[in-house]
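The values are calculated or read from the model by the stated rules, or taken from the named source; none is laboratory data. Predicted, not measured: the structure shown is a model, and the values here were computed from it. Glycine gets a Cβ as well: all are built from the backbone with ideal geometry, and neighbour counts include every protein chain shown. Side chains are part of the model used for accessible areas, which takes the heavy atoms of the whole protein and leaves out ligands, DNA and RNA. Shrake-Rupley method; radii C 1.70, N 1.55, O 1.52, S 1.80 Å.
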Amino acid sequence: MNKEFEKRRRLLTKLIGKDGIAVIPTSDTRVRSRDTDYPYRPGSDFYYFTGFSEPNAVMILAPGREDGAFVLCLRQKNPLTEIWDGHMEGLNGVKKNFGADQSFKIEDLETTLSSLFMGRQKVFFTLGQDEVLDKVLMKSFNSVRAGQRRGGVVPSEIQALEPLIHEMRLIKSKHEIALMRKSANISVDAHKRVFKNCKPGVFEYQIEADIIHEFGKNGSVPAYTSIVASGENACTLHYISNREEMKAGQLLLTDAGSEYEMYAADITRTIPVSGTYSKEQKEIYELVLEVQKTAIENVKPGQTFEGLQSGAIKGLTQGLKKLGLLKGQIDQLIKSEAYKDFYMHGIGHWLGMDVHDVGSYMDEKGKSKKFQPGMVLTIEPGIYISKKNRNVPLEYRGIGIRIEDDVLVTKRGCEVLTKALPKEIDEIESIMAIN
Ligand code: GLY
Ligand code: MN
Ligand code: MN
C-alpha cells in the first residue's frame, strides 16, 4: 500500500514542478460535547498522499531536496497520551512505516516551512480552510520573503493546491476501485437487511441501527448519516432525524452508504413498508426506475452529467405528463422547469473518498466535464410529490421515490458497482413477501 501513496506523491511532484512546494494538512479533531470528541477521520487529501491517520499532522512535498521530498510534521510520541489514546507513530515511526523522508515536530511547523520555502518559487497551498494554519503559513511565507535582501530565490506566490489534487482524485486507481467495490458490497448487504426488517410498526431509527450494524460488522462506518424516510418524510431530501414509526401502505426511502478504508458508497432504494406497492406508488416507481436505467445505459467515456441530466428531465417530464401530473407541451414544461416541483436535484455526483467527491464538474472551457474510464459517480433520479401539492390527485401526494446506484466508467461503457442490490418491483415484492 505504501507504493500506492508513493506513486501519488510522485505524480503530485510532477504537477507542482521542481521549484514548487506543496503543503497539505490533515483534518482537525472535533469536540462533540465537553471532553468527548467525534470519532476522528483524517482529511481525505492528506490521507490520499500519506495513508497516515493521526490528527495534528501536515505533509510537505518539496521536490528535489537532498534529504528527500516527503516531509511530515506531526505529534511527537508521548507515552502518557498513548496510555489514553493508543499508539502514536512518532517522528521515527512515520519514516519507518509511512515512507517519510524526514519528520519534524508539529510545534516546529513554522520554522520547518520557513526553511523549506527557501529556494522555491511557488507555494501550493489552499488558503481559507484552517485559520490557524493559514496564519502559520503566511508568517513563514512572509518571513522568507523579508529575507530576500540577503539573496537567493524565495517564493513569489501561493497557488491553490486543491484543483491539482482533486483532478487526480477524480480518476480512481485499481486499488481504489477495489476498495470502492468492497464498500459497495457492504452497502448492498446493509440494504438487503433493510428489505428484510422493513415492516409496519418498526421505527426508522431501528432500520438505521440495522444499517450501522451491517457496516460495523464489516469494518466500515457510515459515509454520511443514513436517510431512513418513511411516507412523506421521503420528500424532505436530507431527512436524517429518522424518528418515526413506519405504517402499512407507506413507502420507505433509504439512502445509506458505507465508508470502507476511506472510500464511500451511496445507495438509495425505495420499498413498500407492507410488502407491495400501491397502483400510484408503482406508477411513480416504474417511471423513476426507467429513467435511472436509461441514464446508467448512457454512462460511458465522453458522456457528461449535463447530458444525463437533460435526458432524465425529459424522461421524467414525459412520464409525469403521461400520468396526468403535469399538463402542457413537453418542450414548454421543460423550459418552464415545471418538473422542478417533482425533481429538484441533480442526476448524480462524483463518488470516492468523499460521498460528494471532489473534482470539477466543468472542463477548462466551462463545459460539462466528459466522463473518462476510472471515474466513479452516482445515478440517482427521484420524484418527490409534496403532500401540499393540490395540482395532483390525492393518492399521489406524499410519495417520494429515489433510486440510486454507484457506477464506474469503463473503457467501453460502465459497470454498476451496486448491481447486486435488486431494484425491480417484482424482485423487491418477492423478497419482502418472505418476511
Ligand atoms: N446520500 C447523499 C446523496 O445521495 O447525494
Ligand atoms: Mn448520492
Ligand atoms: Mn445517496
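Among the residues in region 338-350, are any more than 16 Å from ligand 1 (Cβ to nearest atom), free of Cβ contacts under 8 Å to residues at least 24 places away in the same chain and open to solvent by less than 70 Å² (accessible area, probe 1.4 Å)? Scanning region 338-350 turns up at least one residue that is more than 16 Å from ligand 1 (Cβ to nearest atom), free of Cβ contacts under 8 Å to residues at least 24 places away in the same chain and open to solvent by less than 70 Å² (accessible area, probe 1.4 Å).
When you scan region 1-26, how many residues do you find that are part of a loop (DSSP other than H, G, I, E, B), open to solvent by 30 Å² or more (accessible area, probe 1.4 Å) and out of contact with any strand residue (DSSP E or B) (no Cβ under 7 Å at 6 or more places or on another chain)? Walk me through it before giving the result.
Taking region 1-26 as the starting set, the residues that turn out to be part of a loop (DSSP other than H, G, I, E, B) are 1, 17-19, 26.
From what's left, open to solvent by 30 Å² or more (accessible area, probe 1.4 Å): 1, 18-19.
Next, from what is left, pick out any that are out of contact with any strand residue (DSSP E or B) (no Cβ under 7 Å at 6 or more places or on another chain): 1, 18.
Final tally of qualifying residues: 2.
Among the residues of region 315-372, those that are among the aromatic types (Phe, Trp, Tyr) and either away from ligand 3 (no atom under 16 Å from the Cβ) or in contact with a Ser or Thr (Cβ under 8 Å, 6 or more places away or on another chain) (or both) comprise TYR339, PHE342, TYR361, PHE371. Output yes when any residue across region 270-287 is under 30 Å from LYS367 (Cα atoms), within 15 Å of ligand 1 (Cβ to nearest atom) and not in a loop (DSSP other than H, G, I, E, B), and no when none is. So far as region 270-287 goes, no, none of its residues is under 30 Å from LYS367 (Cα atoms), within 15 Å of ligand 1 (Cβ to nearest atom) and not in a loop (DSSP other than H, G, I, E, B). Checked against the criterion of being polar (S, T, N, Q), open to solvent by 40 Å² or more (accessible area, probe 1.4 Å), closer than 26 Å to LEU351 by Cα and not in a helix (DSSP H, G or I), region 121-134 has at least one qualifying residue. Remark: GLU167 matches the filter, which requires a residue to be among the acidic types (Asp, Glu) and in contact with a Gly (Cβ under 9 Å, 6 or more places away or on another chain).
Go through region 205-230 and give me each residue that's open to solvent by 10 Å² or more (accessible area, probe 1.4 Å) and more than 17 Å from the chain's Cα centre (by Cα). The answer is TYR205, GLN206, GLU208, ALA209, ASP210, ILE212, HIS213, GLU214, GLY216, LYS217, ASN218, GLY219. Restricting attention to region 238-257, the residues that are within 12 Å of ligand 3 (Cβ to nearest atom) and either among the aliphatic types (A, V, I, L, M) or buried (at least 24 other Cβ atoms within 10 Å of the Cβ) (or both) total 6.
Total residues in region 217-266 satisfying the condition of being among the acidic types (Asp, Glu), in a loop (DSSP other than H, G, I, E, B) and either within 16 Å of ligand 1 (Cβ to nearest atom) or modelled with pLDDT under 95 (or both): the figure is 1. Just one of the listed residues (ASP426, ASP405, ASP363) is closer than 18 Å to LEU289 by Cα and free of Cβ contacts under 8 Å to residues at least 40 places away in the same chain, namely ASP426. ASN389 meets each of the listed conditions (1) within 16 Å of ligand 1 (Cβ to nearest atom); (2) open to solvent by less than 60 Å² (accessible area, probe 1.4 Å); (3) free of Cβ contacts under 8 Å to residues at least 60 places away in the same chain apart from (1).
If you scan region 373-392, which residues turn out to be away from ligand 3 (no atom under 16 Å from the Cβ), of a type outside the set (S, T, N, Q) and touching a helix residue (DSSP H, G or I) at 6+ places or on another chain (Cβ under 8 Å)?
We begin by selecting, within region 373-392, every residue away from ligand 3 (no atom under 16 Å from the Cβ); these are 373-375, 385-392.
Narrowing further to those that are of a type outside the set (S, T, N, Q): 373-375, 385, 387-388, 390, 392.
GLY374, MET375, ILE385, LYS387 - these are the residues of region 373-392 that are away from ligand 3 (no atom under 16 Å from the Cβ), of a type outside the set (S, T, N, Q) and touching a helix residue (DSSP H, G or I) at 6+ places or on another chain (Cβ under 8 Å).
Of all the criteria given as (1) more than 16 Å from ligand 3 (Cβ to nearest atom); (2) in contact (Cβ under 8 Å) with a residue 40 or more places away in the chain; (3) under 21 Å from ALA223 (Cβ atoms), the one not satisfied by LEU421 is (1).
Quick grid of which residues meet (1) away from ligand 1 (no atom under 13 Å from the Cβ); (2) in contact (Cβ under 8 Å) with a residue 40 or more places away in the chain; (3) within 14 Å of the chain's Cα centre (by Cα); (4) surrounded by 15 or more Cβ atoms within 10 Å (Cβ to Cβ):
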{"site": "LYS335", "(1), (2), (3), (4)": "yes, no, no, no"}
{"site": "GLY359", "(1), (2), (3), (4)": "yes, yes, yes, yes"}
{"site": "GLN372", "(1), (2), (3), (4)": "yes, yes, no, no"}
{"site": "ILE385", "(1), (2), (3), (4)": "yes, yes, no, yes"}
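Among the residues of region 300-317, what is the count of those that are assigned to a helix (DSSP H, G or I) and surrounded by fewer than 17 Cβ atoms within 10 Å (Cβ to Cβ)?
Taking region 300-317 first, the residues assigned to a helix (DSSP H, G or I) are 305-317.
In the following step, the residues that additionally are surrounded by fewer than 17 Cβ atoms within 10 Å (Cβ to Cβ) were identified as 306, 310.
Selection size over region 300-317: 2.
Picking from ARG145, ARG65, which residue would you name as being more than 22 Å from ASP28 (Cα to Cα), open to solvent by 40 Å² or more (accessible area, probe 1.4 Å) and assigned to a helix (DSSP H, G or I)?
Working: ARG65 fails: assigned to a helix (DSSP H, G or I).
None of the other options fit; the residue is ARG145.
Listed by first and then second residue, the pairs linking a residue in region 192-213 that is in a loop (DSSP other than H, G, I, E, B) to a residue that is at pLDDT below 95 and open to solvent by less than 30 Å² (accessible area, probe 1.4 Å), with Cβ atoms under 9 Å apart and 6 or more places separating them unless they lie on different chains, are CYS198/MET432; LYS199/MET432.
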